[in-house]
Structure formats: C-alpha cells, structure tokens
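To keep things clear, I will list the structure first and then write my remarks on it.
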Amino acid sequence: MLNNTQHSGFSKRLLLNKGAVIGLILIALSSLLAVFAYFIAPDHSPNANRMIPAIGGRKPGFTNNFLLTKRERVLANTATIEKLFFGEEDTYTYTPISAYQQVGDSIIYQQYIDEGVSDRKAIHLKFCATPAIQTLHFYVGTDKFGRDILSRLIIGVRVSLSVGLIAVIISLTIGIFLGAVAGYFRGWIDELVLWFINTIWSIPTLLLVFAITLALGKGFWQVFIAVGLTMWVNVARLVRGQVMAIRELEYIEATKVLGYSHSRTIFKHILPNILGPVMVIAASNFASAIVIEAGLSFLGVGVQPPQPSWGLMIKEHYNFIITHNPMLALAPGIAIMLLVLSFNLLGNGLRDALNVRGKI
C-alpha cells in the first residue's frame, strides 16, 4: 500500500507524463459532458430525439430559421433533477421556414420542405412561442432524421462511459475474487479456477458477448452486463499471478503465525499491494468495453434506438461516408477514438508512474 511519500511521488510522476495528463483532461471533460449532457446539448429533448425530417442529412455549420408553435398537449414543467437524467420534452413544435413576415397578429411564412421547395402558410401569434421565430445552428450537421448530431454525440457519451464503468466494476469484482482465491489457496481450487479461465479464454470475446446478449435480451442494461461478464478473465489471470508471488513473502507468513484469517490476509495485506497492476488493467478494460459496446450497437444487438450510442450512429450513417456528408459517420467514430485513446494514455501513465513492470 502506498504511504504518503510514495503517494506524492506517484502523483508527481503521473502529472509529469504528458500523455496521462491529456488522457485525464479528456476523461474529465467527457465525464462533465455525461453528467450535464441535457444542459449542454442544444437539443435537450429525451435522447436528443427531436426529429425534423425536412432538414435531414445537413452538413456541419447548417443554420436555419424555425417557427415555434405550441403543441396540442400541455406539458408539465420538468424538475431540474429529472431534466438532468432524462431531458425535457419540447414545449413547442419546430417548423423549418425559408422566409416569413408578421402581418398584424399573424405570421405569414414559407415552410421549408426541401431545397428550392416551400409552402406558403399563415398562423395566429397566439399559437406561437414568444418570440415565434428562432434560429438554430447545427454545428456538426443533422442526421437523416433531422436530429442534431452534436446533441446526440453529447448524450451518447453517457452510454460509453456507463458501459465502461459498469463493465469494469463487474470484471474487477469477479476477476479479483477468483484470481485471489486461486493464487492464495493453490491446489485443486487453483486448478478449477484455471480450467474455468481457460475455457472462457478459448471463446472469442465478441462471440461470447453475442451469446450473453441473446440470453439476456437487447437493451441498455443488458449490454453492460454482457460486456462485464466477458472481461474478468484478464483481471483474474493478473491477480492470480500477483497473489502467488506475494503469498510467499515473509510478512504474509507472519500473518499466518499471528493467526489472522485467510480473508483478512487476502483483503487487508495482499490486495492493497497489487492495486497498481489492477488499476492499469482496469483502464485498459475501460477502453475495451467502449469499443465492444460500439461494435455491439453497430451490429444491432447493443443499445436500441432512439437512445443515442456512438456505434448505433455509425450504423445508421456509415453509407454516407462515400456520399455527400461523411461527417454523419465520422463524428461518432472520432468520438470513440478520442475516448479510447484517453483511457489508453491514462493506463500507460499509471503503468509508468506505479512502475508496474518493475513489480511484476
């Protein structure tokens, strides 16, 4: 376990690693985006699912005027905490317009239908918002359904970070327990755990995720569990090797002489001393979980529409790469790349700061 001096040295070495600092900054920014996503995203509707088909597939920087009209169903005010987690239903309907003018207590406008196509209409001001006309900027463009890509990217970071966090928690819980038990007790317990590890290891990761996902069903929470249940093997093998090395040291022999229980020896005297390698593999598993989730969503067995997932966004628009608007697929791909790179940089920084190689 790190004492105060060692902790200070570890922090200093980590902060001197430029790659690790960049990774930490990107992860911190992503976490803030995830927490306050609905307050930051331009489209704060649930799942950023405001569909305006007339403006579908627009390129980054697209700007247009919209007429805001009251919806028939009156919506109750959304509490701040509820908006933080689930967003807020739109109070108004957004109608794209190409031109308008106010005549008395009415607005005469040209409803935008397509390039060069519009329909002349009029509406009384009492049915409109105040002000009735609003200009929206789509900085990353719109998808084929007319939804704001930037908003869906921001909301989608929640899925990636959540699946990484839960998958890592599940994998660490199972991996540390089985690895510690196998490495400490040895004998038939070690052989049984090793057989189980090798059996799981022999199955391709993606195939195992498919099997678990099909058994649990498609959905948000199912994909978290499926990914977590396939990533504990690396943790178990690492922990087993570390425990086998530490159990032979003198201070562990001293705990046996003092009559400490096995559980106390494992959890208070062994595990705290192998946290370094575990932290490194946790960062690596976090990155792997993000990629696996994106792959599952791309194949249609992960997060389901309309919930935004970066992998699902690529699936919906990958054919646009060779057409007029490649950003529809490139934007979520770049987001996945940056987040995975951040955790890999952090993992490398932790490895160097903790001098894991020297300990192994």
Any hit, the range 118-128, residues being within 15 Å of Ile52 (Cβ to Cβ), hydrophobic (A, V, I, L, M, F, W, C) and outside the structural domain of Leu312 (by TED's automatic domain parsing): no
Out of Phe66, Phe62, Phe138, Phe36, sole residue that is aromatic (Phe, Trp, Tyr) and surrounded by fewer than 15 Cβ atoms within 10 Å (Cβ to Cβ): Phe36
Single unsatisfied condition, Tyr251 versus (1) closer than 30 Å to Leu341 by Cα; (2) assigned to a helix (DSSP H, G or I); (3) of a type in the set (Ser, Thr, Tyr): (1)
First in the range 38-60 and under 17 Å from Asp114 (Cα atoms), second anywhere and among the small types (Gly, Ala, Ser), Cβ under 7 Å, 6 or more apart: Met51/Gly146; Ile52/Gly146; Pro53/Gly146; Ala54/Gly146; Ile55/Gly146; Gly56/Gly146; Arg58/Gly141; Lys59/Gly141
Test result for Leu16, out of contact with any helix residue (DSSP H, G or I) (no Cβ under 8 Å at 6 or more places or on another chain), surrounded by fewer than 19 Cβ atoms within 10 Å (Cβ to Cβ), modelled with pLDDT of 90 or more and among the aliphatic types (A, V, I, L, M): no
Candidates Phe298, Phe267 - the one that is crowded, with 18+ Cβ neighbours inside 10 Å and outside any loop (DSSP other than H, G, I, E, B): Phe298
Residue in the range 274-281 that is among the small types (Gly, Ala, Ser) and surrounded by 21 or more Cβ atoms within 10 Å (Cβ to Cβ) present: no
Arg186 buried (at least 20 other Cβ atoms within 10 Å of the Cβ), of a type in the set (Lys, Arg) and either closer than 30 Å to Leu330 by Cβ or at pLDDT below 90 (or both): no
So Lys70, is it farther than 24 Å from Asp143 by Cα and touching a residue at least 24 places away in the same chain (Cβ under 8 Å): yes
Filter result (touching a helix residue (DSSP H, G or I) at 6+ places or on another chain (Cβ under 6 Å), buried (at least 16 other Cβ atoms within 10 Å of the Cβ) and either within 21 Å of Gly228 (Cα to Cα) or not assigned by TED's automatic domain parsing to the domain that holds Val235 (or both)) within the range 189-205: Val193, Ile197
Residue in the range 25-32 that is loosely packed, with under 12 Cβ neighbours inside 10 Å, of a type outside the set (A, V, I, L, M) and either at pLDDT 90 or above or under 30 Å from Leu346 (Cα atoms) (or both) present: no
First in the range 167-179 and closer than 21 Å to Phe220 by Cα, second anywhere and outside any helix (DSSP H, G or I) and not basic (Lys, Arg), Cβ under 7 Å, 6 or more apart: Ala167/Met231; Ile170/Leu229; Ser171/Met231
Some residue of the range 46-58 being touching a Leu at 6+ places or on another chain (Cβ under 8 Å) and more than 14 Å from Arg147 (Cα to Cα): no
Qualifying residue in the range 305-321 (condition: at pLDDT below 90, of a type in the set (S, T, N, Q) and under 25 Å from Met51 (Cβ atoms)): yes
Qualifying residue in the range 142-152 (condition: under 23 Å from Trp221 (Cα atoms) and either buried (at least 18 other Cβ atoms within 10 Å of the Cβ) or within 29 Å of the chain's Cα centre (by Cα) (or both)): yes
Extreme residue, farthest from Phe66 (Cα to Cα), among residues of the range 103-127 that are exposed (fewer than 15 other Cβ atoms within 10 Å of the Cβ) and small (Gly, Ala, Ser): Gly104
Residue match in the range 248-256 (condition: within 16 Å of Gly183 (Cβ to Cβ), surrounded by 13 or more Cβ atoms within 10 Å (Cβ to Cβ) and touching a residue at least 40 places away in the same chain (Cβ under 8 Å)): no
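Yes or no, residue by residue, for (1) modelled with pLDDT of 90 or more; (2) farther than 29 Å from Ala329 by Cα:
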residue: Gly57; (1), (2): no, no
residue: Asn77; (1), (2): no, yes
residue: Ala99; (1), (2): yes, yes
residue: Leu125; (1), (2): yes, yes
residue: Ala132; (1), (2): yes, yes
Among the candidates Thr78, Thr95, Thr130, residue that is farther than 30 Å from Val340 by Cα, free of Cβ contacts under 8 Å to residues at least 12 places away in the same chain and surrounded by 12 or more Cβ atoms within 10 Å (Cβ to Cβ): Thr78
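The values are calculated or read from the model by the stated rules, or taken from the named source; none is laboratory data. Predicted, not measured: the structure shown is a model, and the values here were computed from it. Because the Cβ atoms are built from the backbone with ideal geometry, glycine has one as well, and the counts that use them run over all protein chains shown.
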